[in-house]
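> After the structure tokens below, expect a handful of questions from me.
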Amino acid sequence: MAEVEIGRGKRGREAYAFDDVAIVPSRRTRDPEEVSTHWQIDAYRFDTPLIAAPMDSVMSPATAIALGRAGGLGVLDLEGLWTRYEDPEPLFEEISGLEESKALTRLQEIYDQPVREDLIAQRLNEIRDAGVTVAGSLSPQRVKRHYQAVIDGGVDLFVIRGTTVSAEHVSGQAEPLNLKQFIYELDVPVLVGGCATYQAALHLMRTGAAGVLVGFGGGAAHTTRSVLGVTVPMATAVADVAAARRDYLDESGGRYVHVVADGSIRHSGDIAKAIACGADAVMVGSPLARAGEAPGKGWHWGSEAHHPSLPRGERMWVGTVAPLEQILHGPSFVADGVMNLVGALQRSMSTTGYTDLKEFQRVEVTVLR
């Protein structure tokens, strides 16, 4: 891709967000009922390519179960309130009623409570007993400390999720996590990220990860762009990582690594655009935080909001619009893309004539000026 001159001493690539691209209809259309949104990773098959972000405002054991029964995958934050407190419900009530000026300080205090490994096992067992796929997430900094409790708890899919995760973390303070060795020794598929470039994704794929998360501070409740000056336009990032997937497929002799768009998914159209740019699935936060069953009660925040020294997120109001089932499968009574997410994806695929997600990755897109 051509570079543009920012000034005499700096050049940069031109890159595109989901809002900058549009899907182009083809010569063929189909009935939406004939379109498949099935997604499979390793031995686990899902009716939809929707993964709930591991955020306390989105996922509880109960909502992970509900999403699993509705065809998606719920990922529980294993460093969240559900693994720090026996009964976190009063804290969710408190967080929903906090004054704006006191919200971040109080979040930091609430999340200062240590993670309990007995609660990790208890929450994962709750999900497993319901008969749905069990997925949990740890940050790279806590994987070494708690991963055995996660494995003992019977997790099916393990997510290592941070603002950015590299296969070559350098530290003079402590021995960094050896992702390749760690993933090799596990008996479960691992999704790892975020990453935003071709090279970073290729290195993560070489660790043996089953999938990589694409994104960096692009969530609705993130302020990483303001605090660190770092962000990525997601359409370009997903397309770059999809190219890494293709090249790694050749390099490895046929090993397919899934690409999961994780960030800037605000409306149903963003889900379609992410897959059109090469994603296999999408990780969704704020659209599911609007569900009536969401633990945040209309408020949305991520782990960045309670960082003890440098918060890079905020508690934001997204409101409650409908039950989870209606947000996923409709019917919708609004025209802004926040309900019937799966139906909208099916309609986008049928409008362009594609029958499944892998085919839909080949759809033509155009850049909006």
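> If you count the DSSP beta bridges with both ends in the chain, what percent of them are antiparallel, to the nearest 5?
30
> Ignoring any ligand, DNA or RNA, what whole percent of the accessible area of segment 74-138 comes from carbon and sulfur when the probe is 1.4 angstrom?
The computed percentage sits at 43.
> Between residue 206 and residue 359, what is the label-to-label distance in nm when each label sits 7 Å out along the Cα-to-Cβ direction?
Modelled inter-label distance: 3.6 nm.
> Can you list the HN-Hα couplings for segment 354-364, worked out from phi with the Karplus curve (6.51, -1.76, 1.60; θ = phi - 60°), rounded to whole Hz and with x for Gly and Pro?
9, 9, 9, 5, 5, 5, 5, 5, 8, 4, 6
> Given N residues in segment 238-369, what is its alpha carbon radius of gyration divided by 2.2 N^0.38 Å?
Ratio of Cα Rg to 2.2 N^0.38 Å: 1.21.
> If you don't mind, there's one more thing I want to ask. Tell me, what ³J(HN,Hα) does each residue in segment 327-341 have, in order and in whole Hz, if you take phi through Karplus 6.51 cos²θ - 1.76 cosθ + 1.60 with θ = phi - 60° and put x for Gly and Pro?
Values, residue by residue: 5, 7, 10, x, x, 9, 10, 10, 10, 10, x, 9, 10, 6, 4 Hz.
> List the residues, sorted by chain then number, that are 5 or more residues from residue 52 or on another chain and whose placed amide H is less than 5 Å from its amide H.
73, 74, 75, 284
> Is it possible to state the helix-based mean residue ellipticity at 222 nm for the chain, with each DSSP H run of 4+ residues giving -39500 (n - 2.57), the sum divided by total residues, to the nearest 500 deg cm²/dmol? What is it?
On the way: 14 runs with 120 residues, N = 369.
Theoretical 222 nm ellipticity from helices: -9000 deg cm²/dmol.
> Can you give the FRET efficiency for residue 118 and residue 252, using 1/(1 + (r/R0)^6), R0 = 35 Å, r = Cβ-Cβ distance, to the nearest 0.05?
It comes to 0.35.
> Still on this structure: Give me, ordered by chain and number, the residues 5 or more places off residue 232 or on other chains with an amide H under 5 Å from its own placed amide H.
Excluding prolines and chain starts, which carry no amide H, the hits are 216.
> So for the chain, taking the charge dipole from beta-carbon charges (+1 Lys/Arg, -1 Asp/Glu), which of 284, 350, 115 sits furthest toward the positive end?
Final value for the positive-end residue is 350.
> Round to the nearest 0.05 the FRET efficiency obtained for residue 181 and residue 87 when R0 = 45 Å and r is the Cβ-Cβ distance.
0.75
> Order these peptides, 150-158, 312-320, by their mean beta-carbon neighbour count within 10 angstrom, highest first.
Descending packing order for the listed peptides: 150-158, 312-320.
> I've got another one for you. Measuring from label point to label point, each 7 Å out along Cα→Cβ, what is the residue 320 to residue 19 span in nm?
2.9
> Ignoring ligands, DNA and RNA, what percent of the 1.4 Å accessible area of segment 215-334 is carbon and sulfur? Display every interim value, and only then the final one.
Working: 2280 of 4280 Å².
C and S atoms contribute 53 percent here.
> Taking the Cα centre of each part, how many Å lie between segment 233-251 and segment 97-114?
38
> Return the whole-Å distance between the Cα centroid of segment 120-136 and the Cα centroid of segment 25-86.
Taking the Cα centre of segment 25-86 as reference, the centre of segment 120-136 is 14 Å away.
> If you don't mind, another one. Can you give the FRET efficiency for residue 109 and residue 293, using 1/(1 + (r/R0)^6), R0 = 35 Å, r = Cβ-Cβ distance, to the nearest 0.05?
0.85
> In debye to the nearest 20, how big a dipole does the chain give about its Cα centre with +1 on each Lys and Arg Cβ and -1 on each Asp and Glu Cβ? All intermediate terms of the calculation are to be shown ahead of the outcome.
Values: 35 positive and 47 negative charges, 216 e Å.
So the dipole magnitude of the chain works out to roughly 1040 debye.
> Rounded to whole Hz and in sequence order, give me ³J(HN,Hα) for segment 78-85 from the Karplus expression 6.51 cos²θ - 1.76 cosθ + 1.60, θ = phi - 60°, writing x for Gly and Pro.
The phi angles translate into 7, 10, x, 5, 6, 10, 10, 10 Hz.
> So, one more: Could you tell me the relative contact order of the chain? Use alpha-carbon pairs under 8 Å, at least six residues apart, and round to a whole percent.
Details: 795 pairs, mean separation 83.7, N = 369.
Reported relative contact order: 23 percent.
> Here's something else I'd like to know. So what is the accessible area of the chain per residue, in Å², with the probe set to 1.4 Å? If you can, show how the numbers build up before the last one.
Details: 16380 Å² over 369 residues.
Heavy-atom SASA per residue in the chain reads 44 Å².
The values are calculated or read from the model by the stated rules, or taken from the named source; none is laboratory data. What you see is a predicted model; the values in this text were computed from it and never measured. Virtual Cβ from ideal backbone geometry, glycine too; neighbours counted across all protein chains shown. Side chains are part of the model used for accessible areas, which takes the heavy atoms of the whole protein and leaves out ligands, DNA and RNA. Shrake-Rupley method; radii C 1.70, N 1.55, O 1.52, S 1.80 Å.
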